[in-house]
1. Among 160/312; 160/203; 105/453; 554/639, which pairs are too far apart, with a Cα-Cα distance over 27 Å?
2. If I fit a long axis through the Cα atoms of helix 15-38 and take the longest principal axis of the Cα atoms of the chain, what angle between them do I get, 0 to 90°, rounded to 10?
3. Any aspartates and glutamates with Cα under 16 Å of the residue 449 Cα? List them, leaving off those in the same chain fewer than 8 positions away.
4. Once you list every other residue whose beta carbon is under 14 Å from the beta carbon of residue 262, what net charge do they have if Lys and Arg are +1 and Asp and Glu are -1?
5. Using 0.36 nm per residue, how much length does the chain from residue 527 to residue 238 gain when fully extended, once their Cα-Cα distance is taken away?
6. Any idea what the relative contact order of segment 310-469 is, in percent, if you count C-alpha pairs under 8 Å spaced at least 6 apart?
7. In the neighborhood of residue 114, defined by Cβ-to-Cβ distances under 10 Å, what is the net charge if each Lys or Arg adds +1 and each Asp or Glu adds -1?
8. Between residue 186 and residue 265, take the C-beta separation as r, use R0 = 35 Å, and let me know the FRET efficiency to the nearest 0.05.
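Bear in mind that the values in this text are calculations on the coordinates, not laboratory data. This one's a predicted model, so the numbers in the text were calculated from it and none came from an experiment. Here the Cβ positions follow ideal geometry from the backbone for every residue, glycine too, while neighbour counts run over all protein chains shown.
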Amino acid sequence: MPCLNLQRLSNTPSKRTMRLYLLTFAAAAIAPAAASAADVVIGDFIYEETKFWGYDRTEMVISGVREGFEPTGELVIPEKVTYNGEEFDVVGLGWSSYSGHTYDKPVIGNFEGITSVSLPATLRFIGQYEFLGCPNIARYTVAPGSTHFRNSGNLLYEAKVQDEDRWSLFRYPSAAESPTFAVPADVENIDIGAFAANTHLKKIYISGEHTLSTCWQLGNKSIESVDCSAARYYHEGDNGTIWWGKNLEAICPGVALDTYTLPADTRSISSGAFCNASVKNIIIPEGIQYYTSTSTYMSSDVETVTAPTAPKNIGASCFQWCSSLKHIDLGMDAGSTLDISYCAFAGCTSLESITLPDGLKTIVIGHSAFEDCASLTSFPMTSKMKIPFLHRRAFAGCSSLESFLFGTIQEFDSGGYQFAGSGLRQMHWPSAITRIPQGCFMDCRNLEKINLKETTEDIGIDAFRNSGLPAVALNGVEWYYYSSFLGCDRLSRLYFPVNTRQLTSYTEVDLIADNAMIVVNNPAIRRLDAQDDIEGNRVSLYMSMLSPGMRLGKGWKQVCAPGRAGEIYAPLTSNPVYEMYTYNTFPAEKAVEVTSLMPDVKITGVNIEGVDAVYSGGRWTAPDAVVTDGRYNVTVSYKVANCPMTTTYEYPYQYTSADTPTAATLTITLRPDSRAEFSAEADWTLFNTAGIPFLCGRGTHASLSSLPSGLYIIRATIPGSTATLRLSL
């Protein structure tokens with residue numbers, strides 16, 4: 001998408017320009033957030049409610065058009081609109097002149113049916129890309145009373161300085177058929193894309209103090225010369241070039257050249273000099289150190305740039321939309337640093353490869369630097385290099401980029417979407433980074449595997465939305481959003497392993513793949529009943545252990561419990577409960593019998609009192625285990641769809657009505673209100689009669705009133721003393 005941030009040229013910063021860019025900071029801070037919450041469709045346009053710094057009331061900015069809207073004839077921008085019974089002024093068309101919106105597409109762009117444009121007096125700004133690609137506009141008109149725009153004949157002017165009679169040429173009618181145009185004397189400068197979409201104009205005349213904005217050539221391929229004979233600052237050179245002394249200012253976009261070699265005495269190359277140029281190969285002479293500044297080659301036909309030294313700084317939008325550029329060699333400065341600014345290569349759809357210099361240590365990569373480089377297959381980082389801060393959308397839309405060395409990235413921009421729509425197949429998240437930013441891997445349809453570390457705490461909004469992931473192990477993750485995995489049509493499994501930080505908050509997920517499952521091996525997980533918010537009960541829940549206060553809810557296709565635990569799980573959900581395996585103990589033989597009951601469940605091991613048991617004859621036996629009075633702890637290890645699970649059965653022995661506390665210094669008393677009281681503050685665990693723990697806590701009592709009727713065993717422990725009691729509730 002478009003990715004340009006070009007200041008309109010003014011030799012002296014104007015009041016109007018300064019005001020606009022002061023507003024830029026405020027708008028950039030609030031507009032993106034407002035867009036998702038306050039977009040409204042009124043008639044044919046999409047509006048954003050916005051309150052600008054320095055203005056008392058909320059106003060409307062046109063940020064899009066209604067789906068299916070194809071304007072024809074006169075396009076009328078309304079002066080006011082009514083929404084929710086309130087009237088708002090329409091003050092803006094498009095955000096592309098504002099910081100943070102430099103990659104926005106034009107609202108009104110590439111519409112061939114528009115023949116004229118009518119603008120209201122309330123309009124204060126128009127995005128720098130508006131009306132690009134609209135070839136049949138014959139006339140612009142501005143309502144009386146506007147202080148920011150006016151029409152002169154069919155031309156559209158923009159005020160350079162508010163409340164002063166100083167103007168720039170914003171747009172020349174794209175349908176005008178004259179081959180020549182003399183810029184009027186009341187124009188101070190020619191704006192970005194002023195002649196866009198016009199195919200008839202061959203020559204323009206500038207005079208006096210006229211100045212050319214950076215990228216005035218944008219969107220035009222017909223202009224072959226600029227007559228500067230009466231101009232104060234410029235003179236015309238060979239091959240359609242325009243010079244300011246020895247500084248190359250521009251080359252006319254209508255001059256087609258296979259190769260252009262700059263004169264040896266060239267001092268510098270101005271920003272936007274080759275913007276939209278029809279030149280394939282450019283040769284830079286000795287002595288020009290900085291030939292890759294802002295928008296230098298933007299939207300041109302350039303295939304190669306040959307220079308004595310590789311560039312160490314790539315300016316903003318330098319090669320943006322250079323669709324013929326296939327390869328570039330990059331350099332570094334004396335500090336072994338390469339600086340690639342925002343949108344530097346955005347839209348270079350043919351760029352296949354990049355060469356980085358030996359010894360490079362640091363790469364600065366701006367937002368959208370490689371966005372939509374659809375042919376880029378790799379980015380040749382090594383483990384000795386680092387990216388201190390990876391800005392938003394840096395590699396978004398790189399659909400051929402299958403791998404990236406994520407360990408080189410030290411910090412991610414929270415703005416996110418760094419690899420959205422890329423061709424990545426695997427991702428190994430850096431252990432030093434705790435949060436995956438919003439949209440980072442959105443629309444990565446080829447993504448097959450991700451490796452999260454224990455240090456990964458949060459997964460942002462839309463982080464993996466619409467990706468091709470088949471399964472995710474949420475190692476270390478404490479929080480993720482509903483939309484983090486939304487639209488992942490191949491995602492059939494989310495796995496919650498034991499989290500070293502314990503608390504993990506479950507957020508409902510709408511898994512649509514066949515046989516989808518949530519596999520939980522973390523007893524500290526919370527909010528599993530959030531799945532109630534998803535209709536259809538398509539997802540199965542597999543759990544290895546419960547914890548106090550846990551609610552499973554009613555949003556599951558089925559709930560799968562450990563052996564002998566079905567009766568504990570059943571009261572916590574209204575969904576069917578099935579046991580994953582059988583579980584029987586044989587204390588005299590120091591053995592247990594564990595048999596899988598489900599095709600996705602595979603028993604991988606059993607441990608009895610710290611001794612790994614051996615499987616033989618249908619049982620797991622540990623002859624060397626130390627068993628006292630028939631008591632022993634058993635841990636069953638198994639896998640659910642290759643996700644490791646463990647369930648521990650503590651002291652599974654037969655209790656009788658004669659059971660009494662095992663230590664005199666700690667006692668347990670069951671009160672009439674189903675509260676178990678301890679004689680001292682203790683750690684306690686509640687078991688079912690099979691010895692499966694499902695509640696635990698610490699304190700001077702345990703409230704058991706919410707449990708269903710049945711037999712239970714409670715064990716309480718303090719240093720040097722343990723008590724157990726059989727309970728009948």
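1. On the way: 160/312 35 Å; 160/203 25 Å; 105/453 37 Å; 554/639 25 Å.
Those over the limit are 160/312; 105/453.
2. Roughly 30 degrees between the two axes.
3. Within the straight-line limit of under 16 Å, residue 449 reaches these aspartates and glutamates: 402, 489.
4. Numbers: positive: 246, 267; negative: 238, 249, 265, 286.
Spelling it out: positives minus negatives among the neighbours equals -2.
5. Values: separation 289, 0.36 × 289 = 104.04 nm, distance 7.25 nm.
Here the answer is 96.8 nm.
6. Values: 508 pairs, mean separation 23.9, N = 160.
Computed value for segment 310-469: 15 percent relative contact order.
7. Working: positive: none; negative: 70, 74, 112.
Cβ neighbours under 10 Å give a net charge of -3.
8. Numbers: r = 36 Å, r/R0 = 1.02.
With a Förster radius of 35 Å, E is 0.45.
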